[in-house]
Amino acid sequence: MAVELDVFVGNTIIMSEEVYQLWLDGYTVNDAVKVRMEGGVLDEFDAKADVVLSDTMDQYRTFQMCERLLHSPTKLANQLLFQIPPHRQATLIERYYAFDDVFVREVLGKKLSKGTKKDLDDISAKTGVMLKSCRRQFDNFKRVFKVVEELKGPLVENIRQHFLLSDKLARDYAAIVFFANNRFETGKRKLQYLTFQDLAFCAGQLINNWTVGAVDNMVEDMDVDLDKEFLQELKELKVLITDKDLLDQHKSLVCTALRGKTKAFNEMEANFKNLSRGLVNIATKLTNTKDVRDFFIDLVEKFIEPCRSDHWTAADMKLYLTHYTNSAHILDTFKHQVVWDRYMGVIKSCIFKMYHD
Amino acid sequence: MPGKLKAKIVAGRHLPVMDRASDLTDAFVEVKFGNTTFKTDVYPKSLNPQWNSEWFKFEVDDEDLQDEPLQITVLDHDTYSANDAIGKVYIDIDPLLYSEAASVISGWFPIYDTIHGIRGEINVLVKVELFNDLNRFRQSSCGVKFFCTTSIPKGYRAAIVHGFVEELVVNEDPEYQWIDRIRTPRASNEARQRLIFLMSGELQRKIGLKVLEMGGNAVVGYLQCFDLEGESGLVVRAIGTACTLEKLSSGSGTHTHPNTAPASNACNSPSKDGKEPVFGEDLPSSSGPSTPFRALPTSSSSPPPFSPSKPCSRQSSSSDTDLSLTPKTGMGSGSMGKDAGPLKTLLRQQTQTALEQREFPFFTLTSFPSGFLLHVGGVVSARSVKLLDRIHNPDEPETRDAWWEEIRQEIKSHAKALGCHAVVGYSESTSICEEVCILSASGTAAILNPRYMREGCLDLGGSDQRFEDPSPSSCGFCHIPYDELNMPFPAQLTYCFHCRRQKVPDVLFTTIDLPSDAAIAGKGCFIQARLCRLKKKGQGEANATAISNQLPFMEYELHTQLMNKLKLRSMNALFGLSIQISVGENMLLGLASATGVYLTALPAPGGIQIAGKTPGDLNTEQHILNIQKRINDTIAKNKEFYEVNPPDLTEEVVGSPIPEPRLRSRLFRSHSESSDELSELDLSHGKKDAFVLEVDDTDAVEDIQSLLTDASPPKGFYSCNTETMPGIYNWTSALQMFTSVRVLRLSNANLSNQALNKVFTDLCENLLKSFYFKLRSMIPCCLSHLVFSVAVPEEDLIQVAVTAVAMTFDKDQTQDKPAEKPITKGCSEAEDQLQFSLELCTDSSSINSQSSSKNSGVPESSHLSTRAASVDYGSFADRCSTWLELLRLKAHTIRRGSVKTSRRTQSLAHSVSSLEHSSPLTDGRSRSLRSSRSFGGSSVSVVKMTPLSFLPGTRIVKYVGIINMFFIRETTSLREEGGVSGFLHSFVAEVFAMVRAHVAALGGNAVVSYSMKDCVLMENPNKNQCQCLINVSGDAVIYIRETDQEVTGSTANIRLSCTSSADGAT
């Protein structure tokens, strides 16, 4: 008594968000049925397994047919095959492009290539995200990357327009694209404590301040790449550590400002030269692609770790960096105020974000 | 040269990649009508080509305009090899041929390929200019409107109902021609699709001609079917009801007040029997000679039971009727007032003659204007088993005609046997397996009000309507039309529990919808009887005989099941009854669906009693007691669920055999079935009491078990197969139309009838359960118009296809329904008469603005939008002009197309000014209408679909054309498409999409009376192949929301008054 065929098609798309999520998460039909049955919400309906199975199958098929359209969400609005109310369209798209932070953390900064795709089963095993879901997420990253790579104009806006995503999600994708494009190293053990949201925030800072688009919207280039001129100019900051006078002057200014305001003052004073050297060195090396990739690891190694070992609090950190940045303005021989601000502004907010356990 | 068809290919989008190398397509379009073909330029290397072609003009006969579809083929240009077809669009231009429907077809159509499905979309503009008005109706029947709706369409009034029209066209099936062996599946599918398009066009034209001959202007309840007879050919047949429809033009004048609905029981007076010589001729139960004898005494002896007040009231009201009525029909008016009897005999005779002049007094309508239906006799049905042979001469489809003729005659005689002169809710169907074909027809015998039948009765003023005894219309239709002493079948008659004047049967079965003014208790309920019978495989004559021998037994069993289930729900009437019998190679399937109701005019149903065959056996008795208890519990539970709380019937009606509380009622034989050779079947169980179920063997036990296993729907759900759910009136606007198909493979070859029944019953029950589950978010909700269709596509396969609509309703208000009902009905009728026809879709306007802004980055969209908008502006004006026409004098005979340009500008000016008068909301809406239609990158406007003739919470302002589409889909990569389920799922979705696109292109925003006539699935999983044919139909309409209409109400009223004055001037 086998059911040979069983379909149910509505004039308006019929979907439950719960089943959609199960589908997105990569559950097989049978597993999804199990989850739904265990969910218990169906008890009141006295739904037998076969009813739930049939419903799940129908929805899975619908989603599969929609998937092609979801690959270019703008099509979803003017396709004729399915009648989908606008709010449902938004849900379908938003959920389809949503991703697991644990998963994205693994591929962040990696090349979105076939090679990486082959590693997905390892990632799946490591993160507990189902392989199918990993593939979808990975393909989403790749698709978005491919589309916006060649586009002019603001990255976030481009993503939002082409994929009809919410602002938040578009920003996250911008971060992912930015990381993938610049291949920032995020996988080192020392960086493991950083969450995707930490890194996405940093990426946002970099996009908004260090790319060409950040200074001039009219420029043909877009904000996937860092502003080369700016990176060149960063070399000039070297005087802050190479010029002994300047370094001492800077130190004394900062120390004067900090004295008595923090318990960690002694450590700060002792470490000032080291820390300053660390930050300025990062800046001056950014012209090398290789060093760009190590940007985050450098930040952690050269600045965050020393501070942490000295038990700075977040407030200490804030205080220190604020004064460190501002004091440079008072140095009369230091001529690169604009570049300094542009650099330190990002560094400051990145470190604030990254300075946690 | 009566017509010029113009088509313009605007653009394409989402085309498939045809050139792997470039990932692009070099698309061009062929536009074909008849034998003329035009081509667009090749638009190279684009998936979103902008052809923006010139207007292709076809100068054609209007006959061709009706028969032929416009055929648009999108191809990929290939320099070195043959051009590859991307897909096709067939556009039925019939809606452009009558003035009140659409004036332009414009929009995005899915490009459809029978192998690949939908492959992108194409934007097309089509117009028709008809000229040479004098010859307009010569060979063609342009101008006759077709409606699938089985009631008088909203916004219209039936001036005359002319009656039954039928036609059939036959041809060879291209799939079975020799050439099919050498051509590709695609070519063969396309030949078939095109042929069927042609055939249904021709059929419609021929029916239209018949209608014109009768003097009508429309076909309502148009039902078109395909019989795929395989080797022996392809039959397209249609039936419908010819009417003269008038657009309702004034607010209150013509519209009938539901409460003063015309009297319905006048014909019910005993004197009616005086003239019943034909009565019962075909029926063994009433022998011919005795009839006149019995009839005579009846007329004199019957009156006593009536209360004295009744004749008085009838007299007074009928007096002015006589004055107004009789002169028209040329009847003597001598009998006026004095004795109601003769007058009614007269009236009846008029009707009778009016109807008898027609070959078949059949009506495909299922619901009627109030007062139309006087009495209902019961269901009449006829079936016949035929052996198919090759249709030798397609031009002379005599055999098929003769077959149907035979069946219709039988139906007619059955109706006569029930004392009725007409059959309403009439439908025909077939089931074909190899060379065997079962033809079935069924309907409801009824007596109709004569005044709708005659010409010259158009002016139904208020006075005219009260020409008969204003007896409650809530029960009139239940009163028996046949002679009480000469009943065509044994039935228990009682006096009507409502008016206490006339006799009513104990149970009433009908194929029509519940009359809107019928008095009921509680809610309705979907009732289904299912039956599966094994049959030996056979060939030819023997096989046909075997089948036809089985049929009566099947009908009998289905009937018994229905009756038991009805009792179990303590209801006493069935509406919308449809019995389908499908034949397969090794089994017969019977499925009877209906909506049960408790009619307060009919006696309360008795319970069901279980009796053991061998009394004394303690075990059995205990068992029987248990079952009896369960049955009683179920009845009580159902009573509560369906809120069946009939008014107390303590007051005894004098002279009527009031049933005892636990009456073992007798099966009312409303059927007069017959199988092949008019073999009569008495369903009355002889003298045996029908509702004592005897538990004598295991079969019976299982029967009872199955009776009890029918699960009632979960809380918050109701279901019915009629247009409206009896007992629910406060619909809210949410609705979800759906189609579901399930095919079951019987794994065990040696199943008993009993086990097979169980399988089949479970299949249907599980389907229902799964609907309830899927649609649970809509609670409180009702599944309306549940139409099941069963088939046996192959040996051991059972296919069930269901189309229905789920509609939400407001739970809180359900209590005050009966009082509310006439009022709402009255309102809706009044609203129906508004002529304000602007499409609106507040949602879509917002979507538009939203998505157009989204797309602003794409360069071509802005370019397209301006152009498309301007094009559409014209169409908008055109549409405005159609309602503006109503403002003008009707005598103004500016025909469409003749002075088109000037008229358009003129009417545009008018429309603009009228829009300015109306609220800003209207203005915005009209803008959205303009932009929503062919906006390049914009979103798709929402098209609602429903199998019902109405959309809750809305008002249909215009019918823009009939939708009648036929699609074939085939695949040779079944597994890759997700198996049969995946294949069919996408096909059904594609069919919906194509229907919606056509409706939107006609300017409509909904399809009403949608139905899926056929869903034929042939699979061959071993070869990884599958083919499916789907035929759908419906009426494309423009609706507006009730709430919106309030805003525009004032303007609409002003316009209405203009219209009525214009009418007056004509």
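The values are calculated or read from the model by the stated rules, or taken from the named source; none is laboratory data. Given the structure is predicted, the values throughout are model-derived calculations rather than measurements. A quick note on method: Cβ atoms are made from the backbone with ideal geometry, for glycine too, and the neighbour counts reach across all protein chains shown.
Among the criteria (1) at pLDDT 85 or above; (2) farther than 18 Å from A:LYS348 by Cβ; (3) within 18 Å of the chain's Cα centre (by Cα), the one A:VAL224 does not fulfil is (1). Within region A:91-103, is even one residue in contact with a helix residue (DSSP H, G or I) (Cβ under 8 Å, 6 or more places away or on another chain) and under 25 Å from A:ASN209 (Cα atoms)? So far as region A:91-103 goes, yes, one or more of its residues are in contact with a helix residue (DSSP H, G or I) (Cβ under 8 Å, 6 or more places away or on another chain) and under 25 Å from A:ASN209 (Cα atoms).
Of the helices (runs of 4 or more DSSP H) that lie entirely inside region A:154-220, those containing 3 or more residues that are within 14 Å of chain B (Cβ to nearest Cβ) and either over 23 Å from A:MET344 (Cβ atoms) or modelled with pLDDT of 90 or more (or both) span A:155-163. Among the residues of region B:787-811, those that are among the aliphatic types (A, V, I, L, M) and within 30 Å of B:GLU435 (Cα to Cα) comprise B:VAL787, B:VAL790, B:ALA791, B:VAL792, B:LEU797, B:ILE798, B:VAL800, B:ALA801, B:VAL802. Looking only at region B:702-734, filter to residues that are of a type in the set (Ser, Thr, Tyr) and surrounded by 15 or more Cβ atoms within 10 Å (Cβ to Cβ); which one of those is modelled with the lowest pLDDT? Looking at the filtered set, the residue picked out is B:SER706. Is there a residue in region A:27-40 that is touching a residue at least 24 places away in the same chain (Cβ under 8 Å), within 28 Å of A:LEU169 (Cβ to Cβ), in contact with a Lys or Arg (Cβ under 8 Å, 6 or more places away or on another chain) and crowded, with 20+ Cβ neighbours inside 10 Å? Checked region A:27-40: no residue is touching a residue at least 24 places away in the same chain (Cβ under 8 Å), within 28 Å of A:LEU169 (Cβ to Cβ), in contact with a Lys or Arg (Cβ under 8 Å, 6 or more places away or on another chain) and crowded, with 20+ Cβ neighbours inside 10 Å.
Considering only residues that are polar (S, T, N, Q) and under 26 Å from B:ASN964 (Cβ atoms), which ones fall in region B:48-73?
B:GLN66, B:GLN71, B:THR73, listed by residue number.
For B:PRO952, the test of being at pLDDT 90 or above, within 20 Å of B:ILE1040 (Cα to Cα), more than 8 Å from chain A (Cβ to nearest Cβ) and in a loop (DSSP other than H, G, I, E, B) is failed. Of the residues that make up region B:1018-1025, is at least one within 14 Å of chain A (Cβ to nearest Cβ), modelled with pLDDT of 90 or more and either surrounded by 22 or more Cβ atoms within 10 Å (Cβ to Cβ) or not in a helix (DSSP H, G or I) (or both)? Within region B:1018-1025, none of the residues are within 14 Å of chain A (Cβ to nearest Cβ), modelled with pLDDT of 90 or more and either surrounded by 22 or more Cβ atoms within 10 Å (Cβ to Cβ) or not in a helix (DSSP H, G or I) (or both).
Taking each residue of region B:619-631 that is without any contact (Cβ under 8 Å) to a residue 24 or more places away in the chain and looking for partners that are surrounded by 15 or more Cβ atoms within 10 Å (Cβ to Cβ) and not hydroxyl-bearing (Ser, Thr, Tyr) with beta-carbon atoms closer than 6 Å, six or more apart or interchain, yields B:GLN628/B:ILE610.
Conditions (1) within 9 Å of another protein chain (Cβ to nearest Cβ); (2) buried (at least 19 other Cβ atoms within 10 Å of the Cβ); (3) part of a helix (DSSP H, G or I), marked per residue:
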{"residue": "A:ARG61", "(1), (2), (3)": "yes, yes, yes"}
{"residue": "A:GLN64", "(1), (2), (3)": "yes, no, yes"}
{"residue": "A:ARG68", "(1), (2), (3)": "no, no, yes"}
{"residue": "A:HIS87", "(1), (2), (3)": "no, no, yes"}
{"residue": "A:ILE93", "(1), (2), (3)": "no, yes, yes"}
{"residue": "A:TYR96", "(1), (2), (3)": "no, yes, yes"}
{"residue": "A:PHE99", "(1), (2), (3)": "no, yes, no"}
{"residue": "A:PHE103", "(1), (2), (3)": "no, yes, yes"}
{"residue": "A:THR116", "(1), (2), (3)": "no, no, yes"}
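Condition check ((1) touching a residue at least 60 places away in the same chain (Cβ under 8 Å); (2) assigned to a strand (DSSP E or B)) across all residues:
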position: B:ILE547; (1), (2): yes, no
position: B:LEU551; (1), (2): yes, no
position: B:MET554; (1), (2): no, no
position: B:LEU558; (1), (2): no, no
position: B:LYS567; (1), (2): yes, no
position: B:MET571; (1), (2): yes, no
position: B:ILE579; (1), (2): yes, yes
position: B:GLY590; (1), (2): yes, yes
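Facing chain A (nearest Cβ under 10 Å), in contact with a Lys or Arg (Cβ under 7 Å, 6 or more places away or on another chain) and part of a helix (DSSP H, G or I) - does that describe any residue in region B:754-761? Looking for residues that are facing chain A (nearest Cβ under 10 Å), in contact with a Lys or Arg (Cβ under 7 Å, 6 or more places away or on another chain) and part of a helix (DSSP H, G or I), one finds none in region B:754-761, hence no. For B:CYS1015, the conditions (1) within 19 Å of the chain's Cα centre (by Cα); (2) surrounded by fewer than 22 Cβ atoms within 10 Å (Cβ to Cβ); (3) within 14 Å of chain A (Cβ to nearest Cβ); (4) of a type outside the set (Val, Ile, Thr) are fulfilled apart from (2). So for region A:26-38 (the condition being at the interface with chain B (Cβ under 10 Å from one of its Cβ atoms) and farther than 24 Å from A:VAL144 by Cα), does at least one residue qualify? No, there is no match, as no residue in region A:26-38 is at the interface with chain B (Cβ under 10 Å from one of its Cβ atoms) and farther than 24 Å from A:VAL144 by Cα. Taken over region B:762-813, residues that are in a helix (DSSP H, G or I), out of contact with any helix residue (DSSP H, G or I) (no Cβ under 8 Å at 6 or more places or on another chain) and more than 13 Å from chain A (Cβ to nearest Cβ) amount to 2. Contact annotation: residue pairs with Cβ atoms under 7 Å, 6 or more positions apart or on different chains, pairing a residue in region B:497-513 that is of a type in the set (Asp, Glu) with a partner that is not in a loop (DSSP other than H, G, I, E, B), are B:ASP506/B:THR494; B:ASP513/B:PHE575; B:ASP513/B:GLY576. The set of residues in region B:753-797 being in contact (Cβ under 8 Å) with a residue 12 or more places away in the chain and of a type in the set (Ser, Thr, Tyr) consists of B:THR761, B:SER770, B:TYR772, B:SER784, B:SER789.
Would you be able to say whether some residue in region A:83-92 is in contact with a strand residue (DSSP E or B) (Cβ under 9 Å, 6 or more places away or on another chain) and farther than 21 Å from B:GLY982 by Cα? There is at least one residue in region A:83-92 that is in contact with a strand residue (DSSP E or B) (Cβ under 9 Å, 6 or more places away or on another chain) and farther than 21 Å from B:GLY982 by Cα. Report yes if B:VAL980 is among the aliphatic types (A, V, I, L, M) and facing chain A (nearest Cβ under 9 Å), otherwise no. For B:VAL980, the condition - among the aliphatic types (A, V, I, L, M) and facing chain A (nearest Cβ under 9 Å) - is met.
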